[in-house]
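**Q** Here's a structure for you.
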Amino acid sequence: MEDRIVANVNGEIILLSEVKKQIALLKGFSEKKKVEIKPGELADENILNSMIDEKIMAHYARENNVVIKESAVDKSVEKVKQKSNITDEVLSELLKREGMTIKDYRKKIKNQMMIRQIMSLEVPSVEISDEEAKSYYKRNKAKFIKPGKVRAAHIIILLGADGAREAESKKKIEQILKEIQGGADFALMAKANSEDGAAKDGGDLGWFTRGKMLPAFEKLAFSLKKGEVGGPVKTKYGYHLIKVLDITNPEPTPYAEVVKNIKNRLKAEAYQKKSSAWIERLRSQAYIEILY
């Protein structure tokens, strides 16, 4: 790929290779950390704009005499090495694979530290009052509903490898059901017959919400009343009988349990709005030429 300049930001250039390198780094990070990437998030235009914003903020920090000592950068590099338990040599090799030198890496860290420092001065954190949090809670009560839960026990007869025992399993589960319908205790039948680890507990699987069990199993479990036995139902593992031991219905989460999360959410939203407005103001004052 032929490299070329894609942007000029206050006299600093951004190369196409740098944009592609940043995309590759973010992809690798998301795969390693299993972070979901939104559609279009890693588009060249979005990444380029993020890189432009970083250069604008770093430039503004330098203009306002924000100074980061080399000793502070040293400490930051040491923290990275200690956290990953790596040596200078290993760090250099890892950076080399990403197309960076130690010098590049240190410059990147220094810029990030400058940006954090200038943002802490220009965009101070926002405090959310109790009144704001309560108002949000009242307007969005549907977001704070505890889902209904079921506590169930089951008896499972496994299908065997490739379903080799299916006919036998179905016949056995139907026989167990007849015995339970005839008055046999479900928990004792589970201990004697069920073919999974829950058998020792009388088949008790504990509490679960929707989305935690296999679809067919869940559908039956949530259709039963407390104390009711249902099945047989087939899943990929085997044939099940299910007994609902207890049920809780959906209910509002008390304000006291969610106030901290609400304040953190509103604080983050307010900070994002203020920081975006600040960056837009810097953009309007900067020289930006996009050559993409």
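The values are calculated or read from the model by the stated rules, or taken from the named source; none is laboratory data. From a predicted model like this one, the values you see are computed outputs, not experimental measurements. Positions of Cβ are generated from backbone atoms using ideal geometry, with glycine treated the same way; all protein chains shown enter the neighbour counts.
**Q** Go over the candidates Lys55, Lys69, Lys79, Lys75 one by one and state the one that is of a type outside the set (Gly, Ala, Ser), touching a strand residue (DSSP E or B) at 6+ places or on another chain (Cβ under 6 Å) and closer than 17 Å to Arg116 by Cβ. Before the answer, list the steps.
**A** Working: Lys69 fails: touching a strand residue (DSSP E or B) at 6+ places or on another chain (Cβ under 6 Å); Lys79 fails: touching a strand residue (DSSP E or B) at 6+ places or on another chain (Cβ under 6 Å); Lys75 fails: touching a strand residue (DSSP E or B) at 6+ places or on another chain (Cβ under 6 Å).
Result of the check over Lys55, Lys69, Lys79, Lys75: Lys55.
**Q** Now for a separate question. Tell me, yes or no, whether segment 241-262 has at least one residue that is assigned to a strand (DSSP E or B), in contact with a Ser or Thr (Cβ under 7 Å, 6 or more places away or on another chain) and either closer than 30 Å to Ala161 by Cβ or modelled with pLDDT of 95 or more (or both).
**A** The answer is no, given that none of the residues of segment 241-262 is assigned to a strand (DSSP E or B), in contact with a Ser or Thr (Cβ under 7 Å, 6 or more places away or on another chain) and either closer than 30 Å to Ala161 by Cβ or modelled with pLDDT of 95 or more (or both).
**Q** Given the criterion touching a Phe, Trp or Tyr at 6+ places or on another chain (Cβ under 8 Å) and modelled with pLDDT under 95, identify the matching residue among Glu41, Glu18, Glu45.
**A** The match here is Glu45.
**Q** Which residues, taken from segment 98-142, are part of a helix (DSSP H, G or I), out of contact with any Pro (no Cβ under 7 Å at 6 or more places or on another chain), among the charged types (D, E, K, R) and over 24 Å from Ile23 (Cβ atoms)?
**A** Glu122, Asp130, Glu131, Glu132, Lys134, Lys138, Arg139
**Q** Let me ask something additional. Looking at segment 145-226, what helices (runs of 4 or more DSSP H) fall wholly within it and have at least 3 residues that are among the hydrophobic types (A, V, I, L, M, F, W, C) and over 15 Å from Tyr237 (Cα atoms)? So that I can check it myself, show each step before the final result.
**A** Details: elements: 166-181, 186-193, 215-221.
In segment 145-226, 166-181, 186-193 are the helices (runs of 4 or more DSSP H) which contain 3 or more residues that are among the hydrophobic types (A, V, I, L, M, F, W, C) and over 15 Å from Tyr237 (Cα atoms).
**Q** If a residue has to be modelled with pLDDT of 95 or more and of a type outside the set (Asp, Glu) to count, how many in segment 124-142 make the cut?
**A** 10
**Q** Let me confirm something: among Ile102, Ile145, which residue is closer than 30 Å to Glu251 by Cα and of a type in the set (Val, Ile, Thr)?
**A** The conditions single out Ile145.
For (1) exposed (fewer than 13 other Cβ atoms within 10 Å of the Cβ); (2) closer than 30 Å to Leu15 by Cβ; (3) not basic (Lys, Arg), each residue gets a yes or a no:
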{"residue": "Thr209", "(1), (2), (3)": "no, no, yes"}
{"residue": "Thr235", "(1), (2), (3)": "no, no, yes"}
{"residue": "Asn249", "(1), (2), (3)": "yes, no, yes"}
{"residue": "Lys274", "(1), (2), (3)": "no, no, no"}
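**Q** Spot the failing condition for Ala164; the list is (1) farther than 25 Å from Ala216 by Cβ; (2) modelled with pLDDT under 95, and only one is missed.
**A** (1)
**Q** Of all residues in segment 182-200 being touching a residue at least 24 places away in the same chain (Cβ under 8 Å) and more than 17 Å from Phe217 (Cβ to Cβ), which is surrounded by the most Cβ atoms within 10 Å (Cβ to Cβ)?
**A** Going through the qualifying residues, I end up with Met189.
**Q** Does any residue in segment 38-59 that is under 14 Å from Glu289 (Cβ atoms) come within less than 9 Å, Cβ to Cβ, of a residue that is aromatic (Phe, Trp, Tyr) six or more places away or on a different chain, and which pairs are these?
**A** Leu48/Tyr292
**Q** Moving on. Checking the conditions here, which among Lys75, Lys27 is under 29 Å from Arg283 (Cα atoms) and exposed (fewer than 13 other Cβ atoms within 10 Å of the Cβ)?
**A** Just one listed residue meets the conditions, Lys27.
**Q** A further question on this structure: Looking only at segment 36-46, decide whether some residue is in a helix (DSSP H, G or I), assigned by TED's automatic domain parsing to the domain that holds Ile115, out of contact with any Lys or Arg (no Cβ under 9 Å at 6 or more places or on another chain) and under 26 Å from Leu282 (Cβ atoms).
**A** Yes, some residue in segment 36-46 is in a helix (DSSP H, G or I), assigned by TED's automatic domain parsing to the domain that holds Ile115, out of contact with any Lys or Arg (no Cβ under 9 Å at 6 or more places or on another chain) and under 26 Å from Leu282 (Cβ atoms).
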